[in-house]
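Notes to accompany the following structure.
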Amino acid sequence: RGDGPLDMRMSGNGLSAADLVNSADEPELALLIRDYGEERFARRIARAIVAARPLDRTSQLAAAIRSVVPDTGGIDPATRTFQALRIAVNEELDELDRGLAAAERLLEPGGRIAVVAFHSLEDRRVKDFLRRRSTGAPLASRHAPATRGPAPSFTILTRKPAVPSAEETARNP
């Protein structure tokens, strides 16, 4: 929304977003933007980023993206790319994996875990984790003999995510 340094780190450690966009090659940027931003114009955006280098301000990056992605009147065309860079710079999905594993170790028998996911990448990661460690985990192969692995850690209580009612959303938007 506003101009600022192209950093995006939650801490001062590691590569900044500027370091990443200025050093990664075009295929690497396209893959990152596609996988972490779920952006269908990832290759086009990566090409524009490489052509606009060096980039050190958020406004420069946003302008490069907006120059090659159609504005449909919905979210800003740069949003998904900024999300992808933030996830990569902060290793957010790896942090989520570590947090889930820690919760599994710390949870008392009979305890419950609730996870709030903010986008589909996180949601998918949480569902896969719980599925692998639940009673409903699939066997490696239906043709291979069943092998005894570790006992399931979780029992999945709901098949669908819990969402607020219309009344709750009206009270707390």
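Rank 24, 84, 102 by mean-square fluctuation in a GNM of the chain with C-alpha springs under 10 angstrom and give only the top-ranked residue. Among 24, 84, 102, the largest GNM mean-square fluctuation belongs to 102. Using a probe radius of 1.4 angstrom, the carbon and sulfur fraction of the accessible surface of the chain is 52%.
Per residue, the accessible area of the stretch 1-71 comes to 60 Å² when a 1.4 Å probe rolls over the protein heavy atoms.
Heavy-atom accessible area, probed at 1.4 angstrom with all protein chains present, ranks 156, 113, 65 as 156, 113, 65, highest first.
Run lengths n ≥ 4 of DSSP H only: what is the helix-derived mean residue ellipticity at 222 nm for the chain, with -39500 (n - 2.57) per run over all residues, to the nearest 500?
It comes out at -14500 deg cm²/dmol, rounded to the nearest 500.
Rounded if a/c is under 1.5, else prolate if a/b beats b/c, else oblate: with a ≥ b ≥ c from the C-alpha gyration tensor eigenvalues square-rooted, which is the stretch 20-89? The shape class here is rounded.
Where Lys and Arg each count +1 and Asp and Glu each count -1, what net charge lies around residue 90 among other residues with Cβ under 12 Å from its Cβ? Don't jump to the answer; show the numbers that get you there.
Working: positive: 9, 86; negative: 7, 91, 92, 94, 95.
Residues close to residue 90 contribute a combined charge of -3.
The distance linking the stretch 75-113 with the stretch 36-66 is 24 Å (Cα centroid to Cα centroid, whole angstrom).
Take every pair of alpha-carbon atoms less than 8 Å apart whose residues are at least six positions apart; their mean separation over the length of the chain yields a relative contact order of 18 percent.
The values are calculated or read from the model by the stated rules, or taken from the named source; none is laboratory data. Everything numeric here is computed off the predicted structure, so don't read it as measured data. Counting neighbours? That spans all protein chains shown, and the Cβs are built from the backbone with ideal geometry, glycine included. To get the accessible areas, we keep the full protein, side chains included, count just its heavy atoms, and leave off ligands, DNA and RNA. Shrake-Rupley method; radii C 1.70, N 1.55, O 1.52, S 1.80 Å.
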